[in-house]
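Everything on this sheet refers to the single structure shown next.
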Amino acid sequence: MRLNIVFRNGMVTLLLGYGFLFAAIIFEIISSSLLKESDGFHRLIPTICLVIGYTITLFLFSKSLRWMDLGVAYALWGAIGTLFTTIIGIIFFKERLNRSKVVGVACIIIGTVMLNIL
């Protein structure tokens, strides 16, 4: 379904792109977390949920690209997804927080900010 509406200053267009992207990121974070729960695809319910989640993720991400540049959308998707997946790993899966993990995620976020500014 295509919206054939003219928007002033592109604000609504921008919100649509970022709205679809935000939803895609949420499903990607959930699906990535389910990868750990699926135990290498040996547990049926988490595996089914993650396949459904990734399908929804890719659908929503493709919708966001109608209003956003691919490079910016993918950078945001990757950076935000990495940040929150790392946080979920630390909180729920008791993964260790170390300096290299913090520096690595910080570099990804800085690179994403630079892509959006430049």
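For LEU60, are the conditions met, namely being surrounded by 15 or more Cβ atoms within 10 Å (Cβ to Cβ) and closer than 17 Å to PHE92 by Cα? Against the criterion (surrounded by 15 or more Cβ atoms within 10 Å (Cβ to Cβ) and closer than 17 Å to PHE92 by Cα), LEU60 does not qualify.
Can you say whether THR55 is of a type in the set (Ser, Thr, Tyr), in a helix (DSSP H, G or I), without any contact (Cβ under 8 Å) to a residue 60 or more places away in the chain and surrounded by 13 or more Cβ atoms within 10 Å (Cβ to Cβ), as far as the supplied structure shows?
Values: of a type in the set (Ser, Thr, Tyr): yes; in a helix (DSSP H, G or I): yes; without any contact (Cβ under 8 Å) to a residue 60 or more places away in the chain: yes; surrounded by 13 or more Cβ atoms within 10 Å (Cβ to Cβ): no.
So THR55 does not fit the description; no.
Just to verify a result, which residue in segment 72-95, among those that are within 9 Å of the chain's Cα centre (by Cα) and without any contact (Cβ under 8 Å) to a residue 40 or more places away in the chain, is surrounded by the fewest Cβ atoms within 10 Å (Cβ to Cβ)? Filtering first and then ranking leaves GLY78.
Quick check: is even one residue across segment 39-47 within 14 Å of the chain's Cα centre (by Cα) and either surrounded by 18 or more Cβ atoms within 10 Å (Cβ to Cβ) or part of a helix (DSSP H, G or I) (or both)?
From segment 39-47, those within 14 Å of the chain's Cα centre (by Cα) are none; that's our starting set.
Checked segment 39-47: no residue is within 14 Å of the chain's Cα centre (by Cα) and either surrounded by 18 or more Cβ atoms within 10 Å (Cβ to Cβ) or part of a helix (DSSP H, G or I) (or both).
Among the candidates ASN116, ASN98, the residue that is of a type outside the set (Phe, Trp, Tyr), in contact (Cβ under 8 Å) with a residue 24 or more places away in the chain and out of contact with any Phe, Trp or Tyr (no Cβ under 9 Å at 6 or more places or on another chain) is uniquely ASN116.
With respect to SER64, is the statement that it is over 11 Å from ALA24 (Cβ atoms), touching a Leu at 6+ places or on another chain (Cβ under 7 Å), among the hydroxyl-bearing types (Ser, Thr, Tyr) and modelled with pLDDT of 90 or more true? Spell out how you get there, then give the answer.
Values: over 11 Å from ALA24 (Cβ atoms): no; touching a Leu at 6+ places or on another chain (Cβ under 7 Å): yes; among the hydroxyl-bearing types (Ser, Thr, Tyr): yes; modelled with pLDDT of 90 or more: yes.
Spelling it out, it is not the case that SER64 is over 11 Å from ALA24 (Cβ atoms), touching a Leu at 6+ places or on another chain (Cβ under 7 Å), among the hydroxyl-bearing types (Ser, Thr, Tyr) and modelled with pLDDT of 90 or more.
Restricting segment 58-71 to residues that are part of a loop (DSSP other than H, G, I, E, B) and charged (D, E, K, R), the residue that is farthest from THR82 (Cα to Cα) is ARG66.
The values are calculated or read from the model by the stated rules, or taken from the named source; none is laboratory data. This is a predicted model, so every value here is computed, not measured. Quick reminder, even Gly has a Cβ in these numbers, built from the backbone with ideal geometry, and neighbours come from all protein chains shown.
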